[in-house]
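Every read-out reported here was derived from the displayed coordinates using simple, explicitly stated rules and does not represent laboratory data. Quick caveat: nothing in here was measured; it's all calculated off a predicted structure. So basically every Cβ, Gly included, is an ideal-geometry build from the backbone, and we count neighbours across all protein chains shown.
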């Protein structure tokens, strides 16, 4: 069957409209430029703003004209431009920035879903307001306001250390640990860069992202556990996105969920995270996650999971509980991608998580040509359209490699937005070995491995963990 559209190829929704991924999205560049204007203001700070900062703030406020936040952001921008902004004004500016990037996220997700042949999900409703300790939120907001005043070029250890007491107090409250972890990590990054005046390069967008998100989480009611509904049916894994930080690791399983009542299948995620020492790398990361996540074993074995009453959020996140799941029959992820993924619908992103970096749309591609650039980059050509492959996101904790992607003929991946373009993060590929089709998964070692390299990494992780436990026990005894 020949597609009527010459640039349509098989994808996550039956036909992948690759041409849509390169078309301009109305208003996207303007929204990102306005957010960038505000981000530049934070570089030098708002203690004594100059004409350039006033102009940037005015440009930022103008971009929100006609929105529900327009009046508050305009007032806050005016106060900030005169050096008289208070905490409520910084909060309004953070909200305006989040609104712009949230709109960009929605436009990008809608375009990616359209390209994959799916209908975009309706926006998620705001979470219900819940009470949180006001004094700690005020203290956190005060510290973040001080950061905005001094700017990234003005940070020093005295300013950064102001977060320590706040974080310490928040850790005692489970409801506040999410914000505490964010503030702690943010403060650690800033401390490692002090003094700001000597920085050769400032991570402008990243620090503005962290600042704005933290500022919004200090708003009473922003920190609340999402409401869930019980989900019963069959879970068909597509692949695992492994995310690693110096002190933490997270595995996020993307899957298709088929409800037991026969209603339309939809896309879901299930995540688990764990703290990690910097000595545990590669395949050893799975050892940290495996005890907490029965799904990883099923993914490694290529099996489905039968869920009964598993908590599910409106954003499509499963709050994993082993008591609500049992291992099901074998389920090949590429069969799932070819048969179940085309009929699955997406779920709306939670309001505070709407950001271009959060775009991650599962798709299935085949019928493409691969190419390698002189710099080692990999790209797919789909009916004359080029789609870059984000090989840097392929984890070292699995057998999937850029070379395997380059030799592939089919791919399950996540469409992401990076550096002004859509790029594909591979989760699994089909390649040919000795004239036989072989599937290679990024998460193939999640449940254990007999691979020599993986076994060595697991043993090294076991040894490192044993040493750390012995040292921790010695410290506790002292």
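Rounded, prolate or oblate for the stretch 347-434? Axes are the square roots of the Cα gyration tensor eigenvalues, ordered a ≥ b ≥ c, and the cut-off for rounded is a/c under 1.5. Prolate, because a/c is 1.5 or more and a/b exceeds b/c. Of 320, 143, the sequence from fewest to most neighbouring Cβ atoms within 10 angstrom is 320, 143. Relative to the first principal axis of the alpha-carbon coordinates of the chain, what is the inclination of helix 204-217, with its axis defined by its Cα atoms, in degrees from 0 to 90 and to the nearest 10? That helix lies at roughly 80 degrees to the long axis. How compact is the stretch 24-120 by the rule of thumb for globular proteins, expressed as Cα Rg over 2.2 N^0.38 Å? Against the empirical 2.2 N^0.38 Å value, I get 1.19 for the stretch 24-120. How big, in percent, is the set of alpha carbon pairs in the chain lying more than 34 Å apart? Taking all Cα-Cα pairs of the chain, the fraction more than 34 Å apart is 41 percent.
What do you get for the angle between helix 28-44 and the principal long axis of the chain? Use alpha-carbon atoms, 0 to 90 degrees, nearest ten. Result, in degrees: 50. Rg and Dmax of the stretch 139-226, based on Cα coordinates, read 12.8, 42 Å. Take every Cα pair under 8 Å whose residues are at least 6 apart in sequence, average their separation, divide by the length of the stretch 355-441, and the relative contact order is 29 percent. Relative contact order of the stretch 228-343, taken over Cα pairs closer than 8 Å and 6 or more residues apart, is 31 percent. Each of 306, 30 was scored by other Cβ atoms within 10 Å of its Cβ. Arranged with the fewest first, they read 30, 306. For 459, 452, the sequence from fewest to most other C-beta atoms within 10 Å is 452, 459. Look at the alpha carbon pairs under 8 Å that are at least 6 residues apart: their mean separation over the length of the chain gives a relative contact order of 17 percent. Taking the centroid of alpha carbons for each part, the stretch 17-57 and the stretch 144-178 are 25 Å apart.
How far is helix 87-115 tilted, in degrees, relative to the longest principal axis of the Cα atoms in the chain, given as a value from 0 to 90 rounded to the nearest 10? That works out to roughly 20 degrees. If the segment from residue 403 to residue 33 were pulled out straight at 0.36 nm per residue, it would be longer than the present Cα-Cα gap by 129.6 nm.
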